[in-house]
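So the structure is just underneath, and the comments pick up after that.
The values are calculated or read from the model by the stated rules, or taken from the named source; none is laboratory data. Note that this is a predicted model, so its numbers are computed, not measured. Glycine also receives a Cβ, built like all others from the backbone with ideal geometry; neighbour counts cover every protein chain displayed.
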Amino acid sequence: MFYGIAVLMYYVDDKKHKRPHIHVRYQGQEAVVAIPDGGILEGSIKASRMKLVQAWIEIHKEDLMTDWELAVNGQPVFNIEPLR
């Protein structure tokens, strides 16, 4: 979580969206965001918050891809530093 944005990655979550992705929530809004390019797959959040999410993805894309591989295989993921 950073700047009020909750970032989630679910285990074995590659059925509906085949691409690696995260789920983001901000003030009742939700979006599914692709890794590593930051494109929106579904939903929407405030544009200024989406830019923060995309910057965070850019900084941590290797860590996110590693966590994605772990998660889809049902293994524990590593925490990733929030945007500061």
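Structure notes:
- Verdict on D14 being in contact with a Phe, Trp or Tyr (Cβ under 9 Å, 6 or more places away or on another chain), modelled with pLDDT of 95 or more and not aliphatic (A, V, I, L, M): no
- Enumeration of residues in region 26-84 that are under 14 Å from Y10 (Cα atoms), in contact (Cβ under 8 Å) with a residue 60 or more places away in the chain and surrounded by 12 or more Cβ atoms within 10 Å (Cβ to Cβ): A71, V72, V77
- The residues of region 1-20 that are in contact (Cβ under 8 Å) with a residue 40 or more places away in the chain and either of a type outside the set (S, T, Y) or over 16 Å from A71 (Cα atoms) (or both), listed by number, are M1, F2, Y3, G4, I5, V7, M9, V12, D13, D14, P20.
- Enumeration of residues in region 4-33 that are assigned to a loop (DSSP other than H, G, I, E, B), in contact with an Asp or Glu (Cβ under 9 Å, 6 or more places away or on another chain) and not charged (D, E, K, R): M9, H17, P20
- Any hit, region 53-69, residues being part of a loop (DSSP other than H, G, I, E, B) and either among the aliphatic types (A, V, I, L, M) or on the phi < 0 side of the Ramachandran plot (or both): no
- Among (1) touching a Phe, Trp or Tyr at 6+ places or on another chain (Cβ under 8 Å); (2) in a loop (DSSP other than H, G, I, E, B), the one test that P36 misses: (1)
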